[in-house]
Each structure stands twice: as structure tokens, then as C-alpha cells.
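> What follows is a structure written as C-alpha cells; I'll ask about it next.
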Amino acid sequence: MAKLFRHICAKLSEYIITNSTSREKIKQKWNYLNELGLFNFIEKTFICYISIFDFRKPEINLAITAIVKDEAPYLREWIEFHKLVGVEKFFIYDNGSTDNSREVLLPYIECGDVIYQYYPGSCAQCPAYTDSIIKNRHKVKFMAFVDVDEFITPIMHDNILDFIYYLEKKIPHKIDAVCISWLLHGFNGHYEKPEGLVCENFSKCDFKAGGNQHVKSIVRPKSVIACNNPHYFIYKLFSKVVNASGADMYGPFNKPYHDVIRVNHYWTRSYTEMQEKIHKGRATCNEKRENRPYIPDYLSTDEDTSMLKFIPLIKEKLKIN
């Protein structure tokens, strides 16, 4: 019976016209049914919808969920930056790190800033995100889902929440999720890993980014059924999902919009660091990442100044010069 249902779902999705925004939503849900299974999907949908009867005020206004593997050298900078822009809590899923990631995180765990969970296994990113959504649906008002090489950087506001509230007034509408464009940063001429901050050493970027249109999401967990894509989630019906300009969103891609807020994505770091990243593989699937030849100015043709005001503050927090 389950096989027949999946077959019907697959055939129906083949006939859905993808350039229709309303049908794009339907297609997304059918595809999710195929991947997750009918009963699992029904269970998660039911749990999500009954959450509307829970009137507890969220304990945390803004949090981040991330899955990490062997990211110890970068964790403190990433955490301290996001604390500066208003993140109150970090839900860290450790996908089998063999370095000293947990030791680096221990002071943050002990003070309550980080909730740490060891989460080994392949293809773990979407299950980890779904686990965090379910566990924190009533605790967190807004949850961002980004990697440790991604820095959510407000341009026109002091912090991320101020941007979200600005957008809600601009639309005007209660926002269930906002999708923020990547700004890809490349080698900046670094073959070997340099000393110092990532956000200072890799300030050069590519605003065109080879046409890359991926987004990352900040969501109201109460509006999310589950995650089947790390860039764009499955939402309850009638949820308001928008990009950073306030326009409606229906999937994980959007014409890049960097003017108000952006995700500074330090995609390569140095060439040697990129090789380590390729060796680790992806958290979403068993495929290896695509390798790149060393071209010093790869993704490094433009200067990004958005992090300048944060760099002295991060250094102060980390007690470095």
C-alpha cells in the first residue's frame, strides 16, 4: 500500500506545472511525501497543527540550529559574532566530530548558550533540523538554520530581530519564515590557512557569485512541519514565507538580494581548508563536494565591508589582537 501511494505521488508530481506559484507549493509537499512516507508525514503534520493550541510564550526570541563536523577552529568566532547580532541560544548537532569541537564548546554549554547533541551518521542534516524544530517548537520564537561557515549579517539594522520586525511592518504581515540570500566569499588569495578571523581574512566576495541563488531560512518553528531541504522547509498551509525584500517565496532559490541583510558564506576559506571540507563530505547526502582548482581570486572579485564594524567586537570577545 505504501509503495502504491509513493508511486501515485510521484506520478502526480510529474504533471504539476512548476512555474505556477500555488502549484509549486503542492509539488513541494508531494515530493516530501515521497521522501518521508505517508504516516511519518501525517504524524509530523498533526503535531505541528496542534501546536496552535499551545499558548506558552517562547522562552527564546532568536536561536540558531547548526550541524557541525570537525569545525573546532571556527566555532568561537561564529558563536560570538551571532551573539552580537542577537542570537540567544545555539542548538549544535555534532555529526561525529573527531577534533576537539566539544571541548571548544564546553564553556558555552556550561553557561547555557549552547545545547549540544552528539548526532553521528550520514545524511543527518535534515533529520537534525527536524529534531530541533520539534523539540523547540514552543521554546523558540524564531530559529535560523545555518552552517558554521555562514554568518547572518544585518546591513541596515543592528540585529537580526530588528530586521524581521522591520519587514513585518513593511509588508505588513506576520512572517512565518524569511529566506536570506547567500553572499559567497572565496579564496581571497589564501592557499594556506591564515591566522586570525575568518570574517577578516576573507572579506572579498563575488556579488554575482556565478548565478548562485541559494537562500538560508529563519523560521517560526510553530509554522514548520519538518525539514526536507536545508535551505527551505515544509510549512503549514497559509504560512507567510518571504525573501529579504518581503516578496513571497516558494522554494530554496531566489534572485540574490543583499541590500538589507545577507548570509556571508565563507564557502571555500583557504584552498587547503576547502580540501578538508571536501574530504568531510556533505551532511545532506553521501556525495562528495565538487573540487575547485586554486585560482587566487576565485569568488574574490568584490570587497564586502559588512563585517568591519563587528571585527573589533569579536576580537574583544575572543581576547585576540
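> On the basis of being modelled with pLDDT under 95, crowded, with 16+ Cβ neighbours inside 10 Å and under 30 Å from S51 (Cα atoms), does A226 make the cut? Lay out the reasoning, then the answer.
Working: modelled with pLDDT under 95: yes; crowded, with 16+ Cβ neighbours inside 10 Å: yes; under 30 Å from S51 (Cα atoms): yes.
Considered against the rule, which asks whether it is modelled with pLDDT under 95, crowded, with 16+ Cβ neighbours inside 10 Å and under 30 Å from S51 (Cα atoms), A226 comes out as yes.
> Scan region 236-249 for residues that are over 16 Å from the mean Cα position of the chain (by Cα), crowded, with 18+ Cβ neighbours inside 10 Å and farther than 15 Å from K170 by Cβ and report the count.
Residues that pass the stated criteria total 1.
> Of everything in region 121-150, what is modelled with pLDDT of 95 or more, farther than 23 Å from K222 by Cβ and part of a loop (DSSP other than H, G, I, E, B)? Give them in sequence order.
D147, V148, D149
> Check whether at least one residue in region 47-59 is at pLDDT below 75, outside any loop (DSSP other than H, G, I, E, B), out of contact with any strand residue (DSSP E or B) (no Cβ under 6 Å at 6 or more places or on another chain) and surrounded by 19 or more Cβ atoms within 10 Å (Cβ to Cβ), and report yes or no.
no
> Moving to a separate point now. May I ask you to list pairs of residues, at least six apart or on different chains, whose Cβ atoms are under 7 Å apart, with the first in region 44-57 being under 17 Å from A226 (Cβ atoms) and the second being part of a loop (DSSP other than H, G, I, E, B)?
C48/K236; Y49/K236; S51/R137; S51/H138
> With the structure loaded, tell me whether S300 is within 20 Å of L161 (Cα to Cα), small (G, A, S) and modelled with pLDDT of 95 or more or whether it fails that test. Before the answer, list the steps.
Values: within 20 Å of L161 (Cα to Cα): no; small (G, A, S): yes; modelled with pLDDT of 95 or more: yes.
In short, no.
> Also, I was wondering about something else. For I79, state whether it is closer than 28 Å to I164 by Cα, modelled with pLDDT of 95 or more, touching a helix residue (DSSP H, G or I) at 6+ places or on another chain (Cβ under 7 Å) and not in a loop (DSSP other than H, G, I, E, B). Write out each step before concluding.
Values: closer than 28 Å to I164 by Cα: yes; modelled with pLDDT of 95 or more: yes; touching a helix residue (DSSP H, G or I) at 6+ places or on another chain (Cβ under 7 Å): yes; not in a loop (DSSP other than H, G, I, E, B): yes.
So I79 passes the test.
> In addition: Quick check on region 250-281: of everything there that is within 19 Å of D304 (Cβ to Cβ) and touching a helix residue (DSSP H, G or I) at 6+ places or on another chain (Cβ under 6 Å), which residue is surrounded by the fewest Cβ atoms within 10 Å (Cβ to Cβ)?
Here the answer is T268.
> Taking the condition of being under 23 Å from the mean Cα position of the chain (by Cα) and either part of a helix (DSSP H, G or I) or farther than 22 Å from D94 by Cβ (or both), how many residues in region 272-291 meet it? Spell out the reasoning first.
Of the residues in region 272-291, the ones under 23 Å from the mean Cα position of the chain (by Cα) are 273-291.
Okay, now just the ones that are also either part of a helix (DSSP H, G or I) or farther than 22 Å from D94 by Cβ (or both), so 273-280, 290-291.
Here the count works out to 10.
> Still on this structure: Looking at V198, V224, which is the one that is in contact (Cβ under 8 Å) with a residue 40 or more places away in the chain and under 26 Å from T272 (Cα atoms)?
Details: V224 fails: under 26 Å from T272 (Cα atoms).
The match here is V198.
> Here is a follow-up. Cβ-Cβ below 8 Å, separation at least six or inter-chain, first residue in region 78-97 and closer than 14 Å to Q125 by Cβ, second acidic (D, E) and not in a loop (DSSP other than H, G, I, E, B): which pairs?
Filtered contacts from region 78-97: Y93/D131.
> Would you confirm, using the coordinates I've provided, whether K170 is of a type in the set (K, R) and either at pLDDT 95 or above or touching a Lys or Arg at 6+ places or on another chain (Cβ under 6 Å) (or both)? Full working, then the answer.
Numbers: of a type in the set (K, R): yes; either at pLDDT 95 or above or touching a Lys or Arg at 6+ places or on another chain (Cβ under 6 Å) (or both): yes.
Against the criterion (of a type in the set (K, R) and either at pLDDT 95 or above or touching a Lys or Arg at 6+ places or on another chain (Cβ under 6 Å) (or both)), K170 qualifies.
> Okay, moving on. Which of the residues belonging to region 78-94 are aromatic (F, W, Y) and over 20 Å from V198 (Cα atoms)? Can you show your working first?
Just the residues of region 78-94 that are aromatic (F, W, Y), to begin with: 78, 81, 90-91, 93.
Hits for region 78-94 are F91, Y93.
> Which condition does V87 not pass, out of (1) under 17 Å from K141 (Cα atoms); (2) in a helix (DSSP H, G or I); (3) within 17 Å of the chain's Cα centre (by Cα), if it passes all the others?
Status for V87: all satisfied but (2).
> Take the conditions touching a residue at least 24 places away in the same chain (Cβ under 8 Å), surrounded by fewer than 18 Cβ atoms within 10 Å (Cβ to Cβ), not polar (S, T, N, Q) and not in a loop (DSSP other than H, G, I, E, B) and apply them to E103. Does it pass? Outline the logic, then answer.
Working: touching a residue at least 24 places away in the same chain (Cβ under 8 Å): yes; surrounded by fewer than 18 Cβ atoms within 10 Å (Cβ to Cβ): yes; not polar (S, T, N, Q): yes; not in a loop (DSSP other than H, G, I, E, B): yes.
Here the answer is yes, as E103 does meet what is asked.
The values are calculated or read from the model by the stated rules, or taken from the named source; none is laboratory data. This structure is a prediction, so every number in the text was calculated from the model and none was measured. Every residue, glycine among them, receives a Cβ derived from its backbone with ideal geometry; neighbour counts consider all protein chains shown.
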